[in-house]
Amino acid sequence: MTEKADLAFLDYLYDKIVARKNDDTLGEKSYVQSLFQKGIDRIAQKVGEEAIETVIEAKNDNKEAFIYEAGDLVFHLLVLLVAKWVTIDEIITELRKRDK
């Protein structure tokens, strides 16, 4: 996969999260839908938990565990972005402003 295709996967995943958010027929069958049902506080809490777990694994000498936790962090951050209706493009625009 090329770098562009890898980044496209984040867009795909974001769109899938939006679809899960909008499909209230899934209920507890969908982890993403269950997070949205629990609300922004729970979603933000999950981002915090995953951030802590990522930091812990960064301090350990297990690259696979670090990658796993970083994946959880990115996934839950995407859920939070969807909850706040912030797009990946908006985040990229913000990062480009900082690129000096």
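Rounded to the nearest Hz, the phi-derived 3J(HN,Hα) couplings of the range 14-22 under the Karplus curve 6.51 cos²θ - 1.76 cosθ + 1.60 (θ = phi - 60°) are 4, 4, 5, 5, 4, 4, 5, 4, 7, where x marks glycine and proline. Computed packing ranks the peptides 52-58, 15-21, 90-96 as 15-21, 52-58, 90-96, most packed first, by mean other Cβ atoms within 10 Å. Only helices enter this figure: runs of n ≥ 4 DSSP H residues, each worth -39500 (n - 2.57), summed and divided by the residues of the chain, yield -26500 deg cm²/dmol at 222 nm to the nearest 500. In a reduced charge model with +1 at each Lys and Arg Cβ and -1 at each Asp and Glu Cβ, the range 26-87 shows a dipole moment near 320 debye about its Cα centre. Excluding same-chain neighbours fewer than eight residues apart, the lysines reachable from Lys59 by a Cα-Cα span under 28 Å are Lys46.
Annotation: extensible slack from Arg96 through Tyr31 equals 20.2 nm (criterion: 0.36 nm per residue apart, minus Cα-Cα distance).
Rule-based calculations on the coordinates, nothing more; no lab input. Just so it is clear, the structure is predicted and the values come from calculations on it, not from any experiment. Methodologically, a virtual Cβ is constructed for each residue, glycine included, from the backbone with ideal geometry; neighbour enumeration extends over all protein chains shown.
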